[in-house]
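Please read the structure below before turning to the comments.
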Amino acid sequence: MNGSLRWKIILTLLVVVFGVAYLLPSLPAVQNSGMASILPDDKISLGLDLKGGIHLTLGVDMDKAMDNNLARMGDDLKAVAREEGVIVLKPKVLKGERIEAVLLKEAQKEKLEKLVKDSFGNLTILSTAVKPDGKVTYVFAPTPEYKKYLTKLTMDQAIKTIRNRIDQFGVAEPDIRKQQGNRIQVQLPGMQDPERAIKIIGKTAHLEFKLVDEGADLEKAQKGIVAPGREVTVIRHRLPDGSYVEKPIVLKKDAMLTGEYITDAQTRFDQFNQPYVTLNFNSRGARIFERVTGENIKRQMAIVLDGKVYSAPTIQDKIAGGRASITGSYTTDEAHDLAIVLRAGSLPAPVKILEQRTVGPSLGQESIDKGISAAIAGSVLVLIFMLAYYGFAGFVADVVLVLNVVLILAGLAAFGATLTLPGIAGIILTIGMAVDANVIIFERIREELRRGLTAKAAIVEGYSRATLTILDANITTVIAAVILYQFGTGPVRGFAVTLTLGILTSMFTAIFVTRILFELYTSKRAADAPLNI
Amino acid sequence: MGLQIIKPDTKIDFIGAKGKAFIVSAVLILLGLGSLIMNGGPKYGIDFAGGIVVQVKFDKKVDVKAVKGALEDAKLPGLVVQSFGHDDDNEILLRTSSSEISSSEVRDNISAGLESGLKGTGFEIQRLEMVGPKVGADLRTKAIEALYFAVLLIAIYISGRFEQRWFAAAIMAGGLFAGISALQLLGMSTTVLIFGALFITVGLCWYLKLNYALGAIVALIHDILITVGIFSLLGKEFDLTIIAALLTIIGYSLNDTIIVFDRIRENLLGKISDSLAETINISINQTLSRTILTSGTTLLVVAALFALGGGVIHDFALALLIGVGVGTYSSIFVASPILLGFGPSAIGDDREEAEAA
């Protein structure tokens, strides 16, 4: 045995050991035995289509987010201007990402423009119009850089909020990531209640405390006639039989306090075993809450979540200490989910479900079983065929084919790739294509033998001539697979990964390992002994 | 020695049969295109068209009509009911449009409808997929881009690798990119873009005399057209996994073609015959054994996948089955005759250039 052959054997054995070590942890029998402690921790992770679970693509409503941001900027502008003694009426958000603000006195025009330039560098003045009564109407627009910044901020905040909510919901291994544009992809393996997950993820959870306009005429309000600064919404009551009725209620539009000051939310039960949610405010929120409740004793305060009134208790006394509770008529699950969304914070804008894929666990298991039986049937057919067609060489090809499958599975585990249903198909396809390299080599060796070469010479010639052909042929498949990976999502990516991995491992086994086996076989035999191929 | 399917001295006149092969290919492509035109384009699955698909498994045999009847009042717009997978799986696939109704409503309505309409039959909703129209359109564009980039990169690779003409390959890439950008600027539809891209690629290959790339690309366009055509004829839907299958077919078909081309190039350098046609014929015969064996083993496992892999993977396996078969055929009967038709090949040119220098 020459030196280079020895090194090749050592390398191959190392690869085999690595392959087996990374494959074993994925087998259920090994996971529960003592061996698990000495093996790597990486297991083949199964895709949602095999494990069961929910895949969601969410779209963040960027227009709404932008409007919210602009409204806040407008409020800031008004407040900052007032500090300088410049009176600006409450700014309005216009369509097309613009804000309109009205300056009361034309004389303060210069002062306001200087203020905008100094303190609101993110806003540009689109137009000014002086009215006959001396008021000046300004239209502002955010700068493009600021818009970009806001978009990024909104997406980051939305992802963070969704992650918080899911973490509190208790899903193992959730996967939340930003997609192109305004999209977020959420994967929840094993989660079996899509309705509830969607409700929790999708709630904007914008909490506001507003005063109830007790003197308003409800009948008029229902017809849409409301006083300025007032709004109509509904309050929900649960009847004893479990159904709900909604009643109209008129609120003062400006919120006294919002959910951004909340530090914690918990579900509790009252003496009638009715669930309610307690809130803790931070120190600033606590101060505001104390002041607001102190100023409005004996008045009704509505607790509004996403535009709906949950409850409207009457303030009995000034509430200090930064605690409040939302009683209302809901089930324990509803109260629990409400606490989760309040604790995790509000979304910067509403989200919409653009894509949803739910796979039950039984279908996933069935897919695995069927995939495995197809793989076994296909492999056995190929193994028998190769053995029958090429004799000893076929046996060599069979050995490396088995090694190839082991290496693909080990590679999936080692690289943390996900095995999907099309991925199983990719492995099965690779089994069929893996023998290709060997077939090319074997046919070449047969040709060289026919030309009268000895077994050893034919093997050398066959390998050297076939290797470049094999590389050429496989690189095109790798190109196709890489493109698949680039464009594909979820399962298709899994297919691309296994296909690429399969091609790489099959080139290693078919070109490198088989040659070692041939060299070992021929080294012990007479130089002119025939080769069974 | 082991078995032999193809005897070493086999000499089948493949090039002589190119006329017949041309007719076979033309008929298959025209049938497929005709079916596509009649159906108003490919039949998109929910990945591309948007909508909701629900897979329901029953605990005993149910009739499609009975399910349809049970769901008559369920307020599911555009409901389509079809059986799914093998008969003994007792599975039904439901499709409905998603624009007017949310996925949770669909789930509730189906559960309620089946509970009241099919009393005594247990069922389980195994899979629910909803794709919104916006996502569907995006996925469609992405899929087409993927196919386009695959063709482009492979054309460049073959031209560079086989004819050592990386410069010509780069010109082709630039030309194709410019052409597509121009079409995009004109606001052409994606269908126009694909055909534009293919037309430009083939035209540039022809103009730059990248004959190996031309043969390989025409062969793979041929394979895709026939696979898509047969899918349309069978009334199968196109979704993401079918695109994955098509890209795999591209890779596989080229794999086959390259093996034959590689041998042609080797034999041209070795000058085993003065006639290009004969050289090609000998090369195909020499690699025939390998072609048949590899296609055979691949078809064997894909057939196993088709028969045993389950309903979700069924159409994917079917596409591979068709594609692998057609890909093998095209590397012999399409790619090589094109190489012959547009000869003398680049190797002849190189030699002339070498002699001139």
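Candidates A:L471, A:L531: the one that is more than 9 Å from chain B (Cβ to nearest Cβ) and either in a helix (DSSP H, G or I) or crowded, with 19+ Cβ neighbours inside 10 Å (or both) is A:L471. For B:L153, the conditions (1) within 10 Å of chain A (Cβ to nearest Cβ); (2) farther than 30 Å from B:L225 by Cβ all hold with the exception of (2).
Scanning region A:345-362 for residues that are facing chain B (nearest Cβ under 9 Å) and small (G, A, S), we see that the one that is surrounded by the most Cβ atoms within 10 Å (Cβ to Cβ) is A:G360. Regarding A:D398, is this residue within 18 Å of A:S506 (Cα to Cα) and either among the charged types (D, E, K, R) or modelled with pLDDT under 90 (or both)? It is true that A:D398 is within 18 Å of A:S506 (Cα to Cα) and either among the charged types (D, E, K, R) or modelled with pLDDT under 90 (or both).
Just checking, does region B:261-272 include any residue being at the interface with chain A (Cβ under 7 Å from one of its Cβ atoms) and either at pLDDT below 90 or surrounded by 20 or more Cβ atoms within 10 Å (Cβ to Cβ) (or both)? Taking every residue of region B:261-272 in turn, at least one turns out to be at the interface with chain A (Cβ under 7 Å from one of its Cβ atoms) and either at pLDDT below 90 or surrounded by 20 or more Cβ atoms within 10 Å (Cβ to Cβ) (or both).
Within region B:26-37, can one find any residue that is in contact with a strand residue (DSSP E or B) (Cβ under 6 Å, 6 or more places away or on another chain) and under 25 Å from B:V326 (Cα atoms)? The answer is no, given that none of the residues of region B:26-37 is in contact with a strand residue (DSSP E or B) (Cβ under 6 Å, 6 or more places away or on another chain) and under 25 Å from B:V326 (Cα atoms). A:R72 meets each of the listed conditions (1) within 30 Å of A:N182 (Cα to Cα); (2) in contact with a strand residue (DSSP E or B) (Cβ under 6 Å, 6 or more places away or on another chain) apart from (2).
The condition (being part of a helix (DSSP H, G or I) and within 27 Å of A:D167 (Cβ to Cβ)) is satisfied by just one residue among A:I384, A:I340: A:I340.
Answer with yes or no whether B:T227 is in contact (Cβ under 8 Å) with a residue 60 or more places away in the chain and hydroxyl-bearing (S, T, Y). Explain how you work it out, then say what you get.
Working: in contact (Cβ under 8 Å) with a residue 60 or more places away in the chain: yes; hydroxyl-bearing (S, T, Y): yes.
It is true that B:T227 is in contact (Cβ under 8 Å) with a residue 60 or more places away in the chain and hydroxyl-bearing (S, T, Y).
When region A:118-159 is filtered for residues that are among the aliphatic types (A, V, I, L, M), closer than 27 Å to A:V102 by Cβ and part of a helix (DSSP H, G or I), only A:L150 remains.
Applying the set (1) farther than 19 Å from A:V400 by Cα; (2) in contact with a strand residue (DSSP E or B) (Cβ under 6 Å, 6 or more places away or on another chain) to A:L412 leaves exactly one unmet item: (1). Within region A:450-487, the set of residues being farther than 18 Å from B:R263 by Cβ and out of contact with any helix residue (DSSP H, G or I) (no Cβ under 6 Å at 6 or more places or on another chain) comprises A:G452, A:L453, A:T454, A:A457, A:V460, A:V482, A:Q486. Of the candidates A:S367, A:S373, the single residue that is under 28 Å from B:E129 (Cβ atoms), surrounded by 23 or more Cβ atoms within 10 Å (Cβ to Cβ) and in contact with a Leu (Cβ under 6 Å, 6 or more places away or on another chain) is A:S367.
Of all residues assigned to region B:291-311, at least one qualifies as being at the interface with chain A (Cβ under 9 Å from one of its Cβ atoms), within 27 Å of the chain's Cα centre (by Cα), assigned to a loop (DSSP other than H, G, I, E, B) and within 30 Å of B:K236 (Cβ to Cβ).
Kindly establish whether A:T267 is assigned to a strand (DSSP E or B), hydroxyl-bearing (S, T, Y) and farther than 17 Å from A:S311 by Cβ. Spelling it out, it is not the case that A:T267 is assigned to a strand (DSSP E or B), hydroxyl-bearing (S, T, Y) and farther than 17 Å from A:S311 by Cβ. Looking only at residues in region B:109-163 that are β-branched (V, I, T) and farther than 28 Å from B:L193 by Cα, the one that is farthest from the chain's Cα centre (by Cα) is B:T121.
Among residues of region A:53-68 that are assigned to a loop (DSSP other than H, G, I, E, B), those with a beta-carbon under 6 Å from a residue that is surrounded by fewer than 22 Cβ atoms within 10 Å (Cβ to Cβ) and of a type outside the set (D, E) at least six positions away or on a different chain give the pairs A:D61/A:P350.
Residue count for region A:447-468 under the criterion of being within 11 Å of another protein chain (Cβ to nearest Cβ) and crowded, with 22+ Cβ neighbours inside 10 Å: the result is 1.
Tell me which residues, restricted to region A:408-439, are over 28 Å from B:T257 (Cα atoms), part of a helix (DSSP H, G or I) and either more than 14 Å from chain B (Cβ to nearest Cβ) or among the hydroxyl-bearing types (S, T, Y) (or both). Spell out how you get there, then give the answer.
First, pick out the residues of region A:408-439 that are over 28 Å from B:T257 (Cα atoms): A:409-421.
The next check asks that each one be part of a helix (DSSP H, G or I); those that pass are A:409-414, A:421.
Answer for region A:408-439, where residues must be over 28 Å from B:T257 (Cα atoms), part of a helix (DSSP H, G or I) and either more than 14 Å from chain B (Cβ to nearest Cβ) or among the hydroxyl-bearing types (S, T, Y) (or both): A:L409, A:A410, A:G411, A:L412, A:A413, A:A414.
Of the residues making up region A:125-153, those that are within 15 Å of A:P91 (Cβ to Cβ) and either basic (K, R) or surrounded by 12 or more Cβ atoms within 10 Å (Cβ to Cβ) (or both) number 11.
Within region B:10-51, track down each residue that is hydroxyl-bearing (S, T, Y) and over 17 Å from the mean Cα position of the chain (by Cα).
The initial filter retains those residues of region B:10-51 that are hydroxyl-bearing (S, T, Y), namely B:10, B:25, B:35, B:44.
Of everything in region B:10-51, just one residue is hydroxyl-bearing (S, T, Y) and over 17 Å from the mean Cα position of the chain (by Cα), namely B:T10.
Looking at region A:474-501, which of its residues are facing another protein chain (nearest Cβ under 7 Å), within 22 Å of the chain's Cα centre (by Cα) and under 23 Å from A:V435 (Cβ atoms)? The answer is A:L484, A:F495. Against the numbered list (1) in a loop (DSSP other than H, G, I, E, B); (2) farther than 30 Å from A:G59 by Cβ; (3) hydrophobic (A, V, I, L, M, F, W, C), A:I249 comes up short only at (1).
What about A:S26, is it under 23 Å from the mean Cα position of the chain (by Cα), under 30 Å from A:G416 (Cα atoms) and not aliphatic (A, V, I, L, M)?
On the way: under 23 Å from the mean Cα position of the chain (by Cα): no; under 30 Å from A:G416 (Cα atoms): yes; not aliphatic (A, V, I, L, M): yes.
Spelling it out, it is not the case that A:S26 is under 23 Å from the mean Cα position of the chain (by Cα), under 30 Å from A:G416 (Cα atoms) and not aliphatic (A, V, I, L, M).
Tell me yes or no: at least one residue of region B:239-253 is in a helix (DSSP H, G or I), of a type outside the set (A, V, I, L, M), touching a His at 6+ places or on another chain (Cβ under 9 Å) and modelled with pLDDT of 85 or more. Yes, region B:239-253 has at least one match.
Please go through region B:192-220 and pick out each residue that is of a type in the set (V, I, T) and in contact (Cβ under 8 Å) with a residue 60 or more places away in the chain. Give the steps one after another, and end with the answer.
Applying the first criterion (of a type in the set (V, I, T)) to region B:192-220 yields B:192, B:194, B:200-202, B:217-218.
Within region B:192-220, B:I217, B:V218 meet the criteria.
Scanning region A:390-414 for residues that are without any contact (Cβ under 8 Å) to a residue 60 or more places away in the chain and surrounded by fewer than 21 Cβ atoms within 10 Å (Cβ to Cβ) yields A:F395, A:D398, A:V402. Annotation: A:Y330 fulfils all but one of (1) buried (at least 18 other Cβ atoms within 10 Å of the Cβ); (2) outside any helix (DSSP H, G or I); (3) without any contact (Cβ under 8 Å) to a residue 40 or more places away in the chain; the unmet one is (3). Scan region A:30-48 and give yes if some residue there is crowded, with 19+ Cβ neighbours inside 10 Å, outside any helix (DSSP H, G or I) and modelled with pLDDT of 90 or more, otherwise no. No.
Taking region B:311-338, which residues are small (G, A, S), touching an Asp or Glu at 6+ places or on another chain (Cβ under 9 Å) and surrounded by fewer than 24 Cβ atoms within 10 Å (Cβ to Cβ)?
B:G311
The values are calculated or read from the model by the stated rules, or taken from the named source; none is laboratory data. What you see is a predicted model; the values in this text were computed from it and never measured. A quick note on method: Cβ atoms are made from the backbone with ideal geometry, for glycine too, and the neighbour counts reach across all protein chains shown.
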